[in-house]
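Some notes on the structure that comes next.
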Amino acid sequence: FPKQDVSNAPEVLIIGMGPAGMFAALELIRQGLRPIILERGKPVRERRRDLARLTREHVVDPDSNYCFGEGGAGTYSDGKLYTRSHKRGRIQDILEWFVAHGADRDILIDTHPHIGTNKLPELITRMRETIEECGGAVHFGERVSEFIREGSVLKGVKTASGNSFTATHTILATGHSARDIFELLHHNGIAIEAKPFALGVRVEHPQEVIDKVQYHCDVRSPYLPPASYSLVNQHNGKGTFSFCMCPGGIIAPCATAPGEVVTNGWSPSKRDNPYANSGIVTEIRLEDLPSDDPLAGVHFQRAVEQKCWEMAGKTQQVPAQRLTDFLSGKVSSTLPKTSYLPGITSLSMETVLPGSVTEHLKSAFKAFGKKMRVYLTEEAVVHAVESRTSSPIRIPRDRETLQHTQVSGLYPCGEGAGYAGGIVSAAMDGRRVALAVKANL
């Protein structure tokens, strides 16, 4: 990465320090501009304590969790770097910048590059240190609570701590779970739009089951990596598909507010845990939402998450059911051990998920069982709910300037704005927006 001193250069405000915000900052430095990052959460090391409290004590910090904090959701969500978003920019540039900050060079040649949750935090810290060494600034614990505008021009923001930050150009890269930002935009009359997303469950198998069916052998060779899978099914014109498959992985609690439960998955770099997990999610289209309110998708997600929390005992335990019992329509009398450390509660998925979702999940699991021998094993467990697959909101922006269609100086960016879907695509969008800022100066 080409370092240079931008201490006295024109400043650009970045809200959010996930992949989009961090790579936007690095690109701004490359363009000779000074990034000022506001992150509501904490640095990586401090953030770990809050994740431990979430797992052990079931305490959700709304500003420091698996989604919010240094590095955003990407820091503790596996580090998968595979993307099909080739039209968004040069994927190789993103991978090379990761390598420049300590990632294994194998990601430059692997078909499905992967860093691992155990290694990502150190890389994120090094990227932040690069930004600061070059003269950029990072402010933690600064949650945006107000937009400062003069007519249709954004002048800066105020934060919940009482601080104000002014800038002529502000990149909004807050991630797909920053619901308070979506609500703040809507409350201030700044246009947002509902967009389709997906919702379902996270299913977990013993890794050896997936190895056997994928490698067609009883015992996986030590020279073969833990097996993964990618599955899709169509039912009544709607798709259900595997999402964020984690071989040798762990299911994690990813709620961002008290009174809700959310699951996600991650793997360490060696992928050496005894379980394989994957989101299995079905499309939620605009016509599936209860109203045409731009926030209807947010309300839909939240309602399901809160119901799962309430039904499972009002802790971070989640509803769970053996996959075979889910298909036969009965509550599991016993549940095997899973990797989800806060714990699981035996419940029927039909009592916590919308009927249309369970219908499509059942159709998909039956189809998957035909495609993959022994996929429908009693050892497989479904966990609810997998709901944060992508943003339920799109923040409209001009195709040429990449500024908001109504507010100049505001640049919606990354996954939270509806323009990316993963670490690499978010990072590429961050760079693209940074280049747009440079062009518009």
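The values are calculated or read from the model by the stated rules, or taken from the named source; none is laboratory data. Small disclaimer: the values here were computed from a predicted structure and weren't measured. So basically every Cβ, Gly included, is an ideal-geometry build from the backbone, and we count neighbours across all protein chains shown. The protein model used for the area step is the full one, side chains on, heavy atoms only, and it has no ligands, DNA or RNA in it. Shrake-Rupley method; radii C 1.70, N 1.55, O 1.52, S 1.80 Å.
Close amide H partners of I393, meaning residues 5 or more places away or on another chain with modelled amide H under 5 Å apart, are K195. Using only side-chain charges placed at the Cβ, +1 for Lys and Arg and -1 for Asp and Glu, the dipole size of the chain relative to its Cα centre rounds to 540 debye. Among the listed values (1) 0.99; (2) 0.97; (3) 1.09, the one computed from these coordinates for Rg/Rh (Cα atoms, Kirkwood Rh) is (2). In region 1-39, which residues have a backbone nitrogen under 16 Å from the label point lying 7 Å from A100's Cα in the Cα-to-Cβ direction? Under cut-off, by backbone N: 1-6, 20-35. Neighbours of L289, meaning other residues whose beta-carbon lies under 13 angstrom from its beta-carbon, give a summed charge of -3 when Lys and Arg score +1 and Asp and Glu score -1. Over the chain, dividing the summed -39,500 (n - 2.57) contributions of all DSSP H runs of at least 4 residues by the number of residues returns a 222 nm mean residue ellipticity of -9000 deg cm²/dmol. What shape does region 338-388 have by the C-alpha gyration tensor, where a ≥ b ≥ c are the square roots of the eigenvalues, rounded means a/c under 1.5, and otherwise prolate means a/b greater than b/c and oblate the rest? Note, shape of region 338-388 comes out oblate. Quick one: grab the alpha carbon gyration tensor of region 49-198, order the square roots of its eigenvalues as a ≥ b ≥ c, and give me rounded if a/c is under 1.5, else prolate or oblate depending on whether a/b is larger than b/c. Here region 49-198 falls in the prolate category.
Toward the positive end of the charge dipole of the chain, about the Cα centre and with charges on Cβ (Lys, Arg +1; Asp, Glu -1), which of I171, A436, P268 goes farthest? So the residue furthest toward the plus end is P268. Taken per residue, the accessible surface of region 370-441 reaches 35 Å², heavy atoms only and a 1.4 Å probe.
Full extension of the segment from L376 to H186, taken as 0.36 nm per residue of separation minus the current Cα-Cα distance, would add 64.0 nm. Angle, helix 296-311 long axis vs. longest principal axis of the chain, Cα atoms, 0 to 90°, nearest 10? Tilt of helix 296-311: around 50 degrees. Dipole of region 152-261 computed with +1 at Lys/Arg Cβ and -1 at Asp/Glu Cβ about the Cα centre; of G248, S161, N233, farthest Cα towards the positive end is S161.
Checking the Cα-Cα distances for K314/K337; K212/K337; K212/K366; K42/K119; K80/K366 against a 24 Å cut-off, the pairs over it are K80/K366. Taking the longest Cα principal axis of the chain as reference, the axis of helix 120-133 is set at about 0 degrees. 3J(HN,Hα) couplings calculated from phi for region 203-220 with the Karplus curve 6.51 cos²θ - 1.76 cosθ + 1.60 (θ = phi - 60°) are, in sequence order, 9, 10, 10, x, 4, 5, 5, 5, 4, 4, 6, 7, 9, 6, 8, 6, 10, 5 Hz; Gly and Pro show x.
Return the loop-located trypsin sites (Lys or Arg not before Pro) in region 363-413 (DSSP other than H, G, I, E, B) with at most 16 other Cβ atoms within 10 Å of their own Cβ; answer none if there are none.
When the trypsin sites (Lys or Arg not before Pro) of region 363-413 are filtered for loop state and at most 16 Cβ neighbours within 10 Å, R373, R399 remain.
Of all DSSP-defined beta bridges confined to the chain, some 70% are antiparallel rather than parallel.
Only Lys, Arg, Asp and Glu count, each charged at its Cβ (+1, +1, -1, -1), so figure out the dipole size of region 327-441 about its Cα centre, rounded to 20 debye. Show your work: numbers first, answer last.
Numbers: 14 positive and 9 negative charges, 59 e Å.
It works out to roughly 280 debye.
Whole-Hz Karplus values for region 364-370 come out as 5, 4, 5, 5, 5, x, 7 Hz, taken residue by residue from phi with 6.51 cos²θ - 1.76 cosθ + 1.60 and θ = phi - 60°; glycine and proline positions read x. Across region 157-174, rounded Karplus estimates of 3J(HN,Hα) from the backbone phi angles (6.51 cos²θ - 1.76 cosθ + 1.60, θ = phi - 60°) give 9, 10, 10, 5, 7, x, 8, 10, 10, 10, 6, 7, 9, 10, 9, 9, 10, 8 Hz, Gly and Pro being marked x.
Between S278, F368, Y76, the Cα set farthest toward the positive side of the dipole of the chain (charges on each charged residue's Cβ, about the Cα centre) is that of F368.
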